[in-house]
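Notes for the one structure printed next.
Please treat every number below as a calculation from the coordinates, not as lab data. Please read all numbers here as calculations on a predicted model, not as lab measurements. With ideal geometry, Cβ positions are generated from the backbone for all residues, glycine too; neighbour counts draw on all protein chains shown.
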Amino acid sequence: MATPVKAAVRQVRPLLSVNKNEARRRVLNLYRAWYRQMPFINMEYDLPKTEKDLKQKLREEFVKHKDVKDLRVIDLLVVKGQMELQEAAQKWKTSGTFMYFYKDTVEKKPTDFMSKFLAGHD
């Protein structure tokens, strides 16, 4: 019973990156590629946002995932980001997909009695 169980702890293979430095490099390269593409995206899609707003939202999207430590998850996010960038660069996206990132996804909860009653909240 005192023997360590090695079968339970299994080493998984990384998707792309072998270590944290390589994953960090991939993330930074993706960020730079998106950053360089922003003026063209703004021009091609005729968005009602300025280039500065787009770059700020790009930064927010990357900072949102700053606490991810698993290399496989980081690689997955990088691959998804590369696919999104390719879709944007090839003009396969619509302008609505870019505006979706600016949509406030959290609905405000009602505060007064009548609004709570009509919304069905306790």
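List the GluC sites (Glu not before Pro) in the stretch 68-122 that DSSP assigns to loop (not H, G, I, E or B) and whose Cβ has at most 12 other Cβ atoms within 10 Å. Which are they? Please report the intermediate quantities before stating the final value.
Details: sites: Glu84, Glu87, Glu107; in loops: Glu107.
Sites meeting the loop and neighbour criteria: Glu107.
Relative to the Cα centre, what is the charge dipole magnitude of the stretch 20-119, using +1 at the beta carbon of each Lys and Arg, -1 at the beta carbon of each Asp and Glu, and rounding to the nearest 20 debye?
Once rounded to the nearest 20, the dipole reads 400 debye.
For a quick check of your reading of the filter: which chymotrypsin sites (Phe, Trp or Tyr not before Pro) in the stretch 30-122 sit in a DSSP loop and have no more than 10 other Cβ atoms within 10 Å?
Trp92
On a 23 Å Cα-Cα criterion, which of the cross-link pairs Lys49/Lys69; Lys57/Lys80; Lys55/Lys108 come out too long?
Among Lys49/Lys69; Lys57/Lys80; Lys55/Lys108, the Cα-Cα distance tops 23 Å for Lys49/Lys69; Lys55/Lys108.
Please check which bits of the stretch 81-119 a label hung off Gln56 would reach, taking the label as a point 7 Å along Cα-to-C-beta and the cut-off as backbone N under 19 Å.
Residues 98-106 fall inside that zone.
Residue by residue, what Karplus-based ³J(HN,Hα) values in Hz, rounded to whole numbers, does the stretch 32-41 have, using 6.51, -1.76 and 1.60 with θ = phi - 60° and x for Gly and Pro?
After applying 6.51 cos²θ - 1.76 cosθ + 1.60, I find 5, 5, 5, 4, 5, 7, 3, x, 6, 5 Hz.
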